[in-house]
Amino acid sequence: MSGAESEDRTGGASDPFEPLTAGHLFFLLHHVVRQRETALGLELVKMGLTLNQWQILATLRRLDRATMGEVAAFCATDRTTLTRTVDRMVEDGLVQRDRDLVDRRQVHLVLTEKGRAVYERALLDVTRFNDRITGALKAEEVEWLRPMIRRVLVHVLEDKDWVDDLMAFRRMKGVGPAA
């Protein structure tokens with residue numbers, strides 16, 4: 001293969017591939033996410049964490065306290081998986097469950113001091129990992145992705161308010177998605 005052909009396959013000016021279909025786009029996006037999660041999971045295991053535990057820590061750090069439904073929505077996971085992971089995190093002293101003082105049926109998850117410390121230690125490695133991965137993109141390319149991701153999410157989730165909350169990584173203003 002000549003140098004020009006090699007450059008073409010790695011993002012050069014001419015593209016020998018067929019036009020990208022919607023199905024292939026989502027296939028590739030799935031692979032980007034799954035391969036990144038697998039690689040990040042290998043980094044996290046060195047710190048004694050799973051990817052699910054990291055996502056829960058990061059969500060609780062961002063929201064301060066959250067219901068299981070909120071955590072499930074932000075982590076894009078089902079409640080059964082979430083419950084098992086949270087149970088283990090409670091046993092490990094990373095998270096605690098607090099009953100709502102007004103509505104005793106409502107349970108909130110909060111990070112313990114140990115959970116905050118584990119989050120802070122892991123954040124350094126996760127940030128380095130993410131920076132290494134996104135280093136393949138220019139800063140303006142990353143920003144170009146934001147409105148495109150938002151438009152796709154609005155069509156997938158069919159809830160503009162939830163998409164806005166998700167894009168801003170903030171507590172849901174409304175009811176949010178069905179979890």
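Brief remarks follow.
- Boolean, Asp78 is on the phi > 0 side of the Ramachandran plot and either touching a residue at least 12 places away in the same chain (Cβ under 8 Å) or under 16 Å from the mean Cα position of the chain (by Cα) (or both): no
- Test: Ala139 is among the small types (Gly, Ala, Ser) and open to solvent by 50 Å² or more (accessible area, probe 1.4 Å): yes
- Exclusive hit being at pLDDT 95 or above and of a type in the set (A, V, I, L, M), set Leu63, Leu94: Leu94
- Scanning the stretch 103-148 for residues that are basic (Lys, Arg), without any contact (Cβ under 8 Å) to a residue 60 or more places away in the chain and part of a helix (DSSP H, G or I) yields Lys114, Arg116, Arg128, Arg132, Arg146.
- As a summary of the residue check, Gly41 satisfies the conditions (1) surrounded by 14 or more Cβ atoms within 10 Å (Cβ to Cβ); (2) in contact with a strand residue (DSSP E or B) (Cβ under 8 Å, 6 or more places away or on another chain) except for the one numbered (2).
- Just so you know, in the stretch 44-62 the residues that are among the hydrophobic types (A, V, I, L, M, F, W, C) and either under 14 Å from Thr127 (Cβ atoms) or touching a His at 6+ places or on another chain (Cβ under 8 Å) (or both) include one that is surrounded by the fewest Cβ atoms within 10 Å (Cβ to Cβ), and it is Met47.
- Residues of the stretch 97-108 that are open to solvent by 80 Å² or more (accessible area, probe 1.4 Å), at pLDDT below 90 and not aliphatic (A, V, I, L, M): Arg99, Arg104, Arg105.
The values are calculated or read from the model by the stated rules, or taken from the named source; none is laboratory data. Quick caveat: nothing in here was measured; it's all calculated off a predicted structure. Because the Cβ atoms are built from the backbone with ideal geometry, glycine has one as well, and the counts that use them run over all protein chains shown. Heads up: the accessible areas ignore ligands, DNA and RNA and are worked out on the full protein's heavy atoms, side chains in. Shrake-Rupley method; radii C 1.70, N 1.55, O 1.52, S 1.80 Å.
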